[in-house]
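A.B. asks: Mind looking over this structure? Questions follow.
The values are calculated or read from the model by the stated rules, or taken from the named source; none is laboratory data. Just so we're clear, the structure is a prediction, and the values are computed from it rather than from any experiment. No Cβ is skipped: glycine too gets one built from the backbone with ideal geometry, and neighbour counts run over all protein chains shown. These accessible areas exclude ligands, DNA and RNA; they are computed on the full protein's heavy atoms, side chains included. Shrake-Rupley method; radii C 1.70, N 1.55, O 1.52, S 1.80 Å.
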Amino acid sequence: MSIKIIQDRLNDYQCFSELEEEQAIREITQEIVLAGLSRTDFSKIAAFHGGTCLRIFYGLNRFSEDLDFMLKKSQTNFTLEPFLKNLTLELKAYGYEFEIIDRSNINTNVKKAFLKDSSLGKILMFNHIGKNGYARKIKIKIEVDQNPPQGSHFESKFFDFPFIFSTTLQDLPSLFAGKIHALLSREYTKGRDWYDFLWYTGRNILINFEFLSSALNQIGPWENKNITTDLNWCISNLKEKIMSINWEEIKNDMLPFVKKNEIKSIELWEQNLFLDQLERYSLNRL
């Protein structure tokens, strides 16, 4: 019965390529992993954030790779191990035979685990995967920041697949603040960050400046500089960033993470598009 739930969910995607089918089964697996974690006390101490959070709970229409979490309160002795043990048992009920590798380093703030499964390809009916060769393993990465920036706000939301459950996540202003921190501080440029920027600004989402200032002070070019941010600070620095980017490279980086019907929109990406979007957001927030 559990396998049928996954098969029905996969069929609803109506995939047109092997890539879309791989992304679909990864997204379905992400949702099952999140549901499995909800059976534990994980959501009492950790909050969901990042692109996959936006996809599942707010309808972000792009593919995402990881499950990102942050502890609601810093813990120096946090470990993923007990939650991963319970998750393994939960996933078996859905036909998964996950190899779970805990890659957490005792000296780092971000705890990581990788989940790899090769069993579903043998029991699900795919239209594209495996037709031209060997089906790749499903890979899911879980990351937990055990010492996140201060000032985030949280909320609880419900989801109904594969069963009804609730989880804790960052609210939208805090999520947007985290994205701005990534846009301005990441050592490399990701197309997905700018896709999300368009999503947030297009919906006129507020910015949690307290969380943004804390994140900037914790890591990146403004580390330990006690930066205090406001809208004008964000607009000025985002404008400078937009003008420094090679947009052809960013478009190519983004294309594997969107469906075919969005490719034409991605092809329009260039400096003036993002400057105009930033100006519209600024005017709407003033």
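A.B. asks: What residue, of F69, F48, F83, is aromatic (F, W, Y), within 21 Å of F158 (Cα to Cα) and open to solvent by 20 Å² or more (accessible area, probe 1.4 Å)?
C.D. replies: After ruling out the rest, the residue left standing is F83.
A.B. asks: Among the listed residues E97, E90, identify the single one that is part of a loop (DSSP other than H, G, I, E, B), touching a residue at least 12 places away in the same chain (Cβ under 8 Å) and closer than 18 Å to F114 by Cβ.
C.D. replies: The conditions single out E97.
A.B. asks: Another one. Scan segment 67-81 and report the pairs whose first residue is over 17 Å from G178 (Cβ atoms) and whose second residue is of a type in the set (S, T, N, Q) and modelled with pLDDT of 90 or more, with Cβ atoms within less than 6 Å and a gap of 6+ or a chain change.
C.D. replies: Cβ pairs passing all conditions: Q75/Q146; F78/Q146.
A.B. asks: Then there's this: Name the residues in segment 173-187 that are in a helix (DSSP H, G or I), over 13 Å from the mean Cα position of the chain (by Cα) and not β-branched (V, I, T), would you?
C.D. replies: P173, S174, A177, H181, L183, L184, S185
A.B. asks: Name the pairs whose Cβ atoms lie under 9 Å apart, with the first residue in segment 230-244 and in a helix (DSSP H, G or I), the second surrounded by fewer than 10 Cβ atoms within 10 Å (Cβ to Cβ), and 6 or more positions between them or separate chains?
C.D. replies: Within 9 Å, the pairs are L231/L286.
A.B. asks: Out of all the residues in segment 188-212, which are open to solvent by less than 20 Å² (accessible area, probe 1.4 Å), farther than 24 Å from W247 by Cβ and assigned to a helix (DSSP H, G or I)?
C.D. replies: F211, L212
A.B. asks: If the Cβ limit is 7 Å and pairs must be 6+ apart or interchain, which residue in segment 196-221 that is closer than 10 Å to S185 by Cβ and free of Cβ contacts under 8 Å to residues at least 12 places away in the same chain pairs with which residue that is in a helix (DSSP H, G or I) and of a type outside the set (S, T, Y)?
C.D. replies: Matching pairs, first to second residue: none at all.
A.B. asks: Does any residue in segment 4-31 that is without any contact (Cβ under 8 Å) to a residue 40 or more places away in the chain and farther than 13 Å from I138 by Cβ come within less than 9 Å, Cβ to Cβ, of a residue that is of a type in the set (S, T, N, Q) and outside any loop (DSSP other than H, G, I, E, B) six or more places away or on a different chain, and which pairs are these?
C.D. replies: The qualifying pairs are Y13/Q23.
A.B. asks: Mind checking which residues of segment 145-187 are open to solvent by less than 20 Å² (accessible area, probe 1.4 Å), free of Cβ contacts under 8 Å to residues at least 60 places away in the same chain and among the aromatic types (F, W, Y)?
C.D. replies: Selection gives F176 alone.
A.B. asks: Sticking with this structure for a sec: Name the pairs: first residue in segment 251-271 and in contact (Cβ under 8 Å) with a residue 24 or more places away in the chain and over 18 Å from S17 (Cα atoms), second residue surrounded by 13 or more Cβ atoms within 10 Å (Cβ to Cβ) and among the aromatic types (F, W, Y), Cβ to Cβ under 7 Å, at least 6 apart or on different chains?
C.D. replies: Partner pairs satisfying both residue conditions: K251/W269; W269/W247; Q271/W247.
A.B. asks: Let me ask you something else. In a helix (DSSP H, G or I) and modelled with pLDDT under 95: does that describe N261?
C.D. replies: In short, yes.
A.B. asks: Residues that are within 25 Å of D253 (Cα to Cα) and at pLDDT 90 or above: find the helices (runs of 4 or more DSSP H) completely inside segment 1-75 holding 1 or more of those.
C.D. replies: Qualifying helices (runs of 4 or more DSSP H): 18-38, 51-58.
A.B. asks: Here is a further query. Might you check whether a residue that is touching a His at 6+ places or on another chain (Cβ under 8 Å) and of a type in the set (D, E) occurs anywhere in segment 75-91?
C.D. replies: no
A.B. asks: Select from segment 86-108 the residues that are polar (S, T, N, Q) and closer than 22 Å to I3 by Cβ and write down the one among them that is most open to solvent (accessible area, probe 1.4 Å).
C.D. replies: Per the criteria, the residue is N86.
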